[in-house]
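Reading through the structure tokens given below for one structure.
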Amino acid sequence: MTETLLDRALSRLDEAAGHINIDADVIEKLKFPRETIQMRLLIRMDDGSRKSFLAWRCRYDDTRGPTKGGIRFHPDAAVEEVETLAFWMTFKCAVMNLPFGGSKGAVKVDPRKLSKAELERLSRAYMQAFSRVVGPDRDIPAPDVYTNAMVMGWMADEYNQIVGSISPAVITGKPLALGGSLGRTDATARGGYYLVRHLATELGLGSRTRIAIQGFGNAGQYYAELAAADGHSIVAVSDSAGAIHKADGLDVARLLAGKTAGRHVTELAAELGAEIITPEALLAVDCEQLVPAALEDMITVEHAATVRAKVIVELANGPVTPDADKVLGQRGVIVLPDILANAGGVTVSYFEWVQNRQGFYWDLEEIHQRLLRIVECEGRAIWTLAQDRQVTMRSAAYIHALSRLAQAIEAHGTQHFFTS
Ligand code: NAD
């Protein structure tokens, strides 16, 4: 039987469980998603026809609180991917000690082929379909690949109409004017950047590193902006259409302006004095930091042998396969794992939920300070755990999260409690 994405994700759970003394109840609870719902969203297209799209919402585990997880619009979306992403969210929230479980949602659609009005109808249809499942105390969605603040705003509005009251805490990543939080748009990249900056000495990184970024969307672009502002050099970037490289550093401001204008990075190569390279070559570029910020399974065992970076900062979810992880470990490349490195997004989403519930909003400095404190505290704890147990940062992050999940599950009583 071929190994699925979820099987591979669960192998991390088994590995972490081998390092700590936890009750069998914990694994029994965490090895399957608690609830996965599939619906077909039927919308009216602009030409008058009706079209249906498969959609899912998975709530993986809610032991530590209401479930939290983004919604992805992607032509390759599949139920197994949604369940895997929900599993990762469960661990990510536990890593950061947020009072949430994990969930995820998706629609199998290429949103670039929809008009803006069709996109709005699809977003609203998603909320109509899943309004029974979501809620500020049950399951709180957020943006993910190819969804954004406006999509969240439409969904929040639809939920409000269904329940008959204004309930901004049902969804995070909303536009600021609709109860969104300051600092949410760059939070994923900022969390990753704070982590690297905090551990720079331990990671063997200087204050002026060269960085290659795979995937130049929300996470990748903000990482480039933050790093460049601190004097680091972005030497290669890619998007779904291709990759570019410039050994002495790309002009990030012009790159961002070009992307905002809707152009692919390869279309900007000539004016930036960069060369077009293959997507695989980007992974092997001479640099200190490699930042995967696109999709899952992008760095396989073949690529792992070619990576020249000292550190991989996983802004994407699941970009490195377990086999590739082993090769990278043997080669001494440190991987800062997704459930820690990209957890800044869900952390500021948590701040948004808190602010919505208390009806009192924080300024940007307060958001950044709170994010910094959590990233440094959890990042340091995981670094220390990795050193003490002589395991990778990924294993340490899973052990750290699993201990918290185990405490919560065991607090309901275990087999030992009920039979002694
Ligand atoms: P996005 O849609 O804004 O950007 C994705 C980027 O990846 C786009 O530039 C796209 O062109 C590029 N891409 C797609 N296929 C590619 C390929 N084969 N090679 C190179 N580039 C490719 O999405 P995002 O929000 O930046 O999310 C990126 C990753 O980060 C995802 O794995 C997502 O789950 C993860 N993530 C995002 C957030 C967030 O807050 N945005 C939070 C946590 C994790």
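The values are calculated or read from the model by the stated rules, or taken from the named source; none is laboratory data. Keep in mind it's a predicted model, so treat the numbers as computed, not measured. Note: ideal-geometry Cβ built from the backbone for every residue, glycine included; neighbour counts use all protein chains shown. Accessible surface is based on the protein model in full, side chains and every heavy atom, while ligands, DNA and RNA are left aside. Shrake-Rupley method; radii C 1.70, N 1.55, O 1.52, S 1.80 Å.
Which of (1) more than 19 Å from residue 8 (Cβ to Cβ); (2) surrounded by 17 or more Cβ atoms within 10 Å (Cβ to Cβ); (3) polar (S, T, N, Q) does residue 84 not meet, given it meets every other one?
(1)
One line per residue, one yes/no per condition, for (1) within 13 Å of the ligand (Cβ to nearest atom); (2) farther than 18 Å from residue 175 by Cα:
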{"site": "95", "(1), (2)": "yes, yes"}
{"site": "101", "(1), (2)": "no, yes"}
{"site": "104", "(1), (2)": "yes, yes"}
{"site": "107", "(1), (2)": "no, yes"}
{"site": "112", "(1), (2)": "yes, yes"}
{"site": "127", "(1), (2)": "no, no"}
{"site": "141", "(1), (2)": "yes, no"}
{"site": "154", "(1), (2)": "no, no"}
{"site": "158", "(1), (2)": "no, no"}
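Which of the residues spanning segment 223-249 are away from the ligand (no atom under 12 Å from the Cβ) and either assigned to a helix (DSSP H, G or I) or open to solvent by less than 20 Å² (accessible area, probe 1.4 Å) (or both)?
225, 226, 227, 228, 229, 234, 235, 249, listed by residue number.
Only one of these is within 16 Å of the ligand (Cβ to nearest atom), open to solvent by less than 60 Å² (accessible area, probe 1.4 Å) and either among the β-branched types (Val, Ile, Thr) or in a loop (DSSP other than H, G, I, E, B) (or both): 183, 220. Name it.
183
When the residues of segment 316-331 are filtered to those that are under 17 Å from residue 81 (Cα atoms) and touching a residue at least 60 places away in the same chain (Cβ under 8 Å), which remaining residue is farthest from the ligand (Cβ to nearest atom)?
Ranking the candidates gives 322 first.
Do we find that residue 252 is touching a helix residue (DSSP H, G or I) at 6+ places or on another chain (Cβ under 8 Å) and either basic (Lys, Arg) or more than 14 Å from the ligand (Cβ to nearest atom) (or both) in this structure?
For residue 252, the condition - touching a helix residue (DSSP H, G or I) at 6+ places or on another chain (Cβ under 8 Å) and either basic (Lys, Arg) or more than 14 Å from the ligand (Cβ to nearest atom) (or both) - is met.
Pick from segment 31-40 the residues that are open to solvent by 70 Å² or more (accessible area, probe 1.4 Å) and of a type outside the set (Lys, Arg): which of them is farthest from residue 416 (Cα to Cα)?
38
For residue 103, indicate whether it is open to solvent by less than 10 Å² (accessible area, probe 1.4 Å), part of a helix (DSSP H, G or I) and without any contact (Cβ under 8 Å) to a residue 60 or more places away in the chain.
No.
Scan segment 352-366 and give yes if some residue there is more than 21 Å from residue 183 (Cβ to Cβ) and more than 16 Å from the ligand (Cβ to nearest atom), otherwise no. Please lay out each step first, then the result.
In the first step, residues of segment 352-366 are kept if they are more than 21 Å from residue 183 (Cβ to Cβ); the result is none.
No, that holds for no residue.
Condition first: aliphatic (A, V, I, L, M) and either open to solvent by 20 Å² or more (accessible area, probe 1.4 Å) or in a loop (DSSP other than H, G, I, E, B) (or both). Now tell me which residues in segment 41-79 satisfy that.
The first filter runs over segment 41-79 and keeps only residues aliphatic (A, V, I, L, M), leaving 41-43, 45, 54-55, 71, 77-79.
Passing the criteria: 42, 45, 54, 77, 78, 79.
Got a number for residues in segment 1-30 being loosely packed, with under 13 Cβ neighbours inside 10 Å and free of Cβ contacts under 8 Å to residues at least 40 places away in the same chain?
Of the residues in that region, 7 qualify.
Confirm whether residue 61 is touching a Leu at 6+ places or on another chain (Cβ under 7 Å) and in contact (Cβ under 8 Å) with a residue 40 or more places away in the chain.
yes
Residues in segment 187-209: is at least one open to solvent by 10 Å² or more (accessible area, probe 1.4 Å) and closer than 24 Å to residue 66 by Cα?
yes
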